[in-house]
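Worksheet: the structure to be examined is printed underneath.
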Amino acid sequence: MISLHEPEFHGNEWTYVKECIDTAWVSSVGKYVDQFETSLAALTGARFAVAVVNGTAAQHVGLLLARVMPGDEVIVPALSFVATANAVSHCGAVPHFVDSCMDTLGMDPVALQEHLEATTERSSGQLRNVRTGRRIAAIVPMHTFGHPVDMPELMDVAARFGLPIVEDAAESLGSTLHGRHTGTFGLLGAMSFNGNKIITTGGGGAILTDDPVLASHAKHLTTTAKKPHRWEFFHDEIAFNYRLPNLNAALGCAQLERLPDLLRRKRLLAERYREAFSLASGIRFVGEPDGACSNYWLNAIRLERPDINARDALLAASNDAGFQCRPAWTLLHRLPMYSSCPRAELPVSEALEASLINVPSSARLAGPDA
Ligand SMILES: *Cc1c(COP(=O)(O)O)cnc(C)c1O
C-alpha cells in the first residue's frame, strides 16, 4: 500500500532525541523547546512562536487570546478538519460555518462579506448574528491541504466588521502568499506537527503572533500560569498544561532542518501529478492559488462534475489498487454535534466535498534521485 502521507526521519532526529534521554531533559522544559520556538519564528517571520502540545491546543489558546468568550460565535469554514470547530467549542463558543472558494479551497471572502451583511447587525460596538442574538467574535480561515487562502481579502472583510482573525495554519507550514508565511497574517496563527503533517514532533503545535503581550500570555496560559519563582507554586489564572515536551521539540528541531528539502521534493511530486492528470478528462489537479507558494502537503484532484458516487468509485478502485486515497472531510455541519450550528449557504463546500480526492503525497514519492 502506498500511504497517503508518511513522515521522514533522515536527519538529526535520533541524535537530538537521544541527547534528551541521555541528559534526562525529556519533559516540559529544555533547550529544544526554546530552539524549536526560535527556529519556527525565524522560518515563518512571526515575531514569536510558542510551542504547544498539539494543533488543537494552539487553536484553542489562540481563540482565547483573541477574546472569544462562552456564548460567542466564531466564523469557520464548513470544509475543514473537525479540530477547527472543536477548538471553538472548547472556548464555550459556537462555530458558524461559511463557504469556501473553488480555487483556494478556503474561506470565500466575497461570500463571507455578503453573508455578514445579510445576517448581522452592529449594536453597542459588537457584531451580532440577528438570528441567534449571539456576538460574532472572530474569523478562522484555514489553509486547506497547505494551499493559502486569500488572506488580504479576508483581512479587509475582517477589518470592515471589526473582527480579529485567528488562522488555522495547521496544514501549511512552509506555505506563503505574496512571500508572507501563512499563520502570520492574522492576530494569531496555529500550527500542527501531528504525525501526518508536513513535519512532525510526534504530536505538537505552535501559536504564532507578532504581539509581545499575546505571546507572553500564550506561554503563560499554556504552562499552568505559574509565576516564575525559585520554589513557590503560585498560579494567577485558570490555565492549561499544553506544554510541548522537550523530547518532542528535539524531534521538531531535526525535522525543521530538513524542511527546505522536503518542500523541494513535494513541489516536484506535485509537478508530476499536475502533468499526469493534465491528460485525464473530467479530473483537475488542484494547484496552488495565484500569488501563493504552497507546501503541497496533500496533493488533491477534483472531479469536474461533483458526484459523490463517482468519487467513492474512484476511492474504492484506487484503494483496491494499493493507493491510499482519501476524500476531503465530511462537511462540519453534517457532524451530529455541529448539525444545528448557524451556517451560510454552502454550495461550493458541498461541491468540493463531492469532488475532492487526496492522493499519496509523501515526499519520497518524488523519486530516489529527487
Ligand atoms: C491537523 C489539523 C488540526 C489539529 O492539529 P492536531 O495537532 O492534530 O491537534 C487543526 N486543523 C486542521 C485543519 C488540521 O488539519
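Laboratory data are not the source of any read-out in this text; all were calculated from the coordinates shown. Only a predicted model underlies this, so the values are computations on that prediction, with no experimental measurement involved. Methodologically, a virtual Cβ is constructed for each residue, glycine included, from the backbone with ideal geometry; neighbour enumeration extends over all protein chains shown.
Here are the numbers for this structure:
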read-out	value
DSSP bridge pairs, region 98-220: antiparallel proportion in percent, nearest 5	70 percent
Label-to-label distance, nm, for residues given as ASN241 and SER123 (7 Å Cα→Cβ offset)	4.4 nm
Environment charge of ASN12, counting only residues whose C-beta is closer than 15 Å and scoring Lys/Arg +1, Asp/Glu -1	-3
Computed over region 13-257: relative contact order in percent, which uses C-alpha pairs under 8 Å that are six or more apart	28 percent
Most fluctuating residue given options LEU269, LEU79, LEU279, as computed from a GNM of the chain linking Cα atoms under 10 Å	LEU279
Neighbour cut-off at most 12 other Cβ (10 Å), DSSP loop, GluC sites (Glu not before Pro), region 264-370	GLU304, GLU345
Bridge type composition, the chain - antiparallel percent by DSSP, nearest 5	65 percent
Residues HIS60, HIS181, sorted so that the one with the fewest Cβ neighbours within 10 Å comes first	HIS181, HIS60
Cα gyration tensor category, rounded, prolate or oblate, for the chain with a/c compared to 1.5	oblate
Taking region 259-366 and dividing mean pair separation by its residue count, relative contact order in percent (alpha carbons under 8 Å, at least six apart)	36 percent
Spherically averaged projected area of region 259-366 from its Cα convex hull (nm²)	8.7 nm²
DSSP-assigned coil residues among trypsin sites (Lys or Arg not before Pro) in region 56-150, each with at most 11 further Cβ atoms within 10 Å	ARG131
Segment LYS18-GLU304, length gained on full extension (0.36 nm per residue, minus Cα span)	98.0 nm
Neighbour-count order for THR56, THR330, fewest beta carbons within 10 angstrom listed first	THR330, THR56
Cα-based reach from LYS31 at 28 Å (exclusive), listing lysines while leaving out same-chain residues under 8 positions away	LYS18, LYS197, LYS219, LYS226, LYS227
Sorted by Cβ neighbour density within 10 Å, fewest at the top, the residues TRP329, TRP297	TRP329, TRP297
Long-range HN-HN contacts of GLU73 with modeled amide H, under 5 Å	VAL94, ARG135, ILE136, ALA137
Gained length - ARG364 relative to SER216, 0.36 nm times residue gap less alpha-carbon distance	49.4 nm
Magnitude of the charge dipole, region 164-242, Cβ model with Lys/Arg +1 and Asp/Glu -1, debye to 20	260 debye
Distant-in-sequence amide H partners of ILE283 (H built 1.01 Å from N, under 5 Å)	GLU304
Within region 91-147: Cβ-based charge dipole about Cα centre, in debye rounded to nearest 20 (Lys, Arg +1; Asp, Glu -1)	420 debye
